[in-house]
Amino acid sequence: MSVAILGAGAFGTALACALGQVTLWTRDADHARDMADTRENTRRLPGIPLPGEVQITHDLAGIDAQTLLLAMPMQAMRGFLHDHGTVLQDRVLVACSKGVDLDVLLGPVGVIRQNLPDARAALLTGPSFAHDIARGLPTALTLACEDPELGMALQQELSTNALRLYRNTDVTGAELGGALKNVIAIAAGMVIGADMGESARAALMARGYAEMQRLALALGAQADTLAGLSGLGDLILTCGSEKSRNFRYGLALGSGAEFDTTTTVEGAATARAVARLAQEHGIDMPITRMVAAMIEGYLTVTEARDALLARPLTEE
Ligand SMILES: NC(=O)C1=CN([C@@H]2O[C@H](COP(=O)(O)OP(=O)(O)OC[C@H]3O[C@@H](n4cnc5c(N)ncnc54)[C@H](OP(=O)(O)O)[C@@H]3O)[C@@H](O)[C@H]2O)C=CC1
Ligand SMILES: O=C(CO)COP(=O)(O)O
């Protein structure tokens, strides 16, 4: 196997633990030294020992693996591809990020295609918390790739006994499912944080899923993809667990609590990007619009609730 993981955050490190025979790259030399010395990523995934066969590096140009997993936040990916294009071009690039780029309004594979047209691109997405994957708990993810042969090869290369990958050629659907569910998870967290109740959360998730579908189908996605692991599956996980950073961010917004702003919360930038995307395409996404407005400080949680409840009564 010839795989390297670029980005030693919680998810990249968890994938390294699951796959074993891989190279794990971090941009920070001190971080690389610390992980090599302690055999643990104390910064991003504390308490999980790194398997002995995982190689740690800070030297991107020295990596000769053909399959590179890009495990960094969505808003960092475009700059990373731009800065390291000569090393990354001609490889297989598997994006592991969930989100929509705020400037170009593209998902992770779209951003790869725009920046490195010669790279072969795929997406790994779906319901999974880093700690679960790292501990070897059973997990099922979507491996989306337009090229069916490459998709099959990656499915074999990246599946393990516990980590089960399902193939899909609908990259747009998989990208949007993973990106949009984080926005709805922030809203679900707000509902619980503001003490609106479990019934309100269920309503929010179902109506959130309806607007996820509206945008995704308008952009060419398949309904089945949205109903699968990368859409509904991840929506259920992220809206229902305090292990989710997006959900916890929403909880803090809803309850007025402090939140550590250095935490990766993909849904925050993505809400703003998707609100613009929806407007450009004439798609009604009221929950996403409210989340974006609250994050930008234009609306309070109470105002957002009242505005959603005051919408005209309609068919489901
Ligand atoms: N955590 C999870 O459970 C899951 C996460 N994901 C997705 O994986 C992606 C990464 O999340 P996660 O690993 O949790 O995030 P973390 O916040 O844990 O880590 C982010 C990592 O990206 C690195 N990074 C940030 N900016 C850059 C850059 N410009 N160039 C290179 N590296 C950079 C950081 O490096 P440094 O430490 O030096 O800042 C860090 O290693 C997100 O899109 C997330 O949605 C998907 C499934 C599960
Ligand atoms: O994407 C995830 C679960 O599938 C991780 O969720 P958070 O980024 O909200 O922690």
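Could we say that Ala10 is within 16 Å of ligand 2 (Cβ to nearest atom) and of a type outside the set (Phe, Trp, Tyr) here?
yes
Can you name the residue in the stretch 134-171 that is within 18 Å of Leu106 (Cβ to Cβ) and acidic (Asp, Glu) and, of all such residues, is nearest to ligand 2 (Cβ to nearest atom)?
Among residues in the stretch 134-171 that are within 18 Å of Leu106 (Cβ to Cβ) and acidic (Asp, Glu), the one nearest to ligand 2 (Cβ to nearest atom) is Asp170.
Of all residues being touching a helix residue (DSSP H, G or I) at 6+ places or on another chain (Cβ under 6 Å) and more than 16 Å from ligand 2 (Cβ to nearest atom) in the stretch 220-246, which is nearest to Val183 (Cα to Cα)? Just the residue, please.
That would be Ala221.
Hey, among the residues in the stretch 257-268 that are more than 9 Å from ligand 2 (Cβ to nearest atom) and touching a residue at least 60 places away in the same chain (Cβ under 8 Å), which one's farthest from Ala187 (Cα to Cα)?
Ala257
Can you tell me which residue in the stretch 262-285 is surrounded by the most Cβ atoms within 10 Å (Cβ to Cβ), limited to those that are outside any helix (DSSP H, G or I) and within 14 Å of ligand 1 (Cβ to nearest atom)?
Val265
Looking at the stretch 118-128, can you tell me whether even one residue there is at pLDDT below 95 and not aromatic (Phe, Trp, Tyr)?
yes
Considering each residue of the stretch 270-316, count those that are under 18 Å from Gly189 (Cβ atoms), acidic (Asp, Glu) and touching a residue at least 24 places away in the same chain (Cβ under 8 Å), and give that number.
Residues flagged as under 18 Å from Gly189 (Cβ atoms), acidic (Asp, Glu) and touching a residue at least 24 places away in the same chain (Cβ under 8 Å) within the stretch 270-316 amount to 1.
Within the stretch 241-255, restricting attention to residues that are outside any helix (DSSP H, G or I) and in contact (Cβ under 8 Å) with a residue 12 or more places away in the chain, which residue is farthest from Leu226 (Cα to Cα)?
Lys243
So is Ala174 within 13 Å of ligand 2 (Cβ to nearest atom), among the aliphatic types (A, V, I, L, M) and touching a Ser or Thr at 6+ places or on another chain (Cβ under 9 Å) or not?
When the stated conditions are applied, Ala174 passes them.
Can you list the strands (runs of 3 or more DSSP E) lying wholly within the stretch 29-88 that have 2 or more residues being touching a residue at least 24 places away in the same chain (Cβ under 8 Å) and within 16 Å of ligand 2 (Cβ to nearest atom)?
Filter on the stretch 29-88 gives 45-49, 67-70.
Among the residues of the stretch 302-315, is any part of a helix (DSSP H, G or I), among the hydroxyl-bearing types (Ser, Thr, Tyr) and either farther than 18 Å from Arg214 by Cα or touching a helix residue (DSSP H, G or I) at 6+ places or on another chain (Cβ under 9 Å) (or both)?
yes
What residue, among those in the stretch 49-74 that are under 23 Å from the mean Cα position of the chain (by Cα) and surrounded by 20 or more Cβ atoms within 10 Å (Cβ to Cβ), is farthest from Thr263 (Cα to Cα)?
Thr67
In the stretch 202-233, which residues are more than 21 Å from Leu105 (Cα to Cα) and surrounded by 20 or more Cβ atoms within 10 Å (Cβ to Cβ)?
Leu204, Met205, Gly228, Leu229, Gly233, listed by residue number.
If I ask for residues that are more than 14 Å from ligand 2 (Cβ to nearest atom) and either charged (D, E, K, R) or not in a strand (DSSP E or B) (or both), which ones from the stretch 89-100 would you list?
Of everything in the stretch 89-100, those that are more than 14 Å from ligand 2 (Cβ to nearest atom) and either charged (D, E, K, R) or not in a strand (DSSP E or B) (or both) turn out to be Gln89, Asp90, Arg91, Val100.
Among the residues of the stretch 115-133, what is the count of those that are more than 14 Å from ligand 2 (Cβ to nearest atom), in contact with a strand residue (DSSP E or B) (Cβ under 6 Å, 6 or more places away or on another chain) and either farther than 21 Å from Arg78 by Cα or outside any strand (DSSP E or B) (or both)?
Adding up the residues that qualify gives 1.
Which pairs turn up if I take residues in the stretch 16-27 that are closer than 17 Å to Ser159 by Cα and touching a residue at least 12 places away in the same chain (Cβ under 8 Å) and look for partners that are β-branched (Val, Ile, Thr) and crowded, with 24+ Cβ neighbours inside 10 Å with beta carbon separation below 6 Å, at least 6 apart in sequence or on another chain?
Ala16/Ile5; Ala16/Val22; Ala18/Ile133; Val22/Ile5
The values are calculated or read from the model by the stated rules, or taken from the named source; none is laboratory data. Since the model is a prediction, treat every value here as computed from it, not as a measurement. Backbone-built Cβ (ideal geometry, glycine too); neighbour counts: all protein chains shown.
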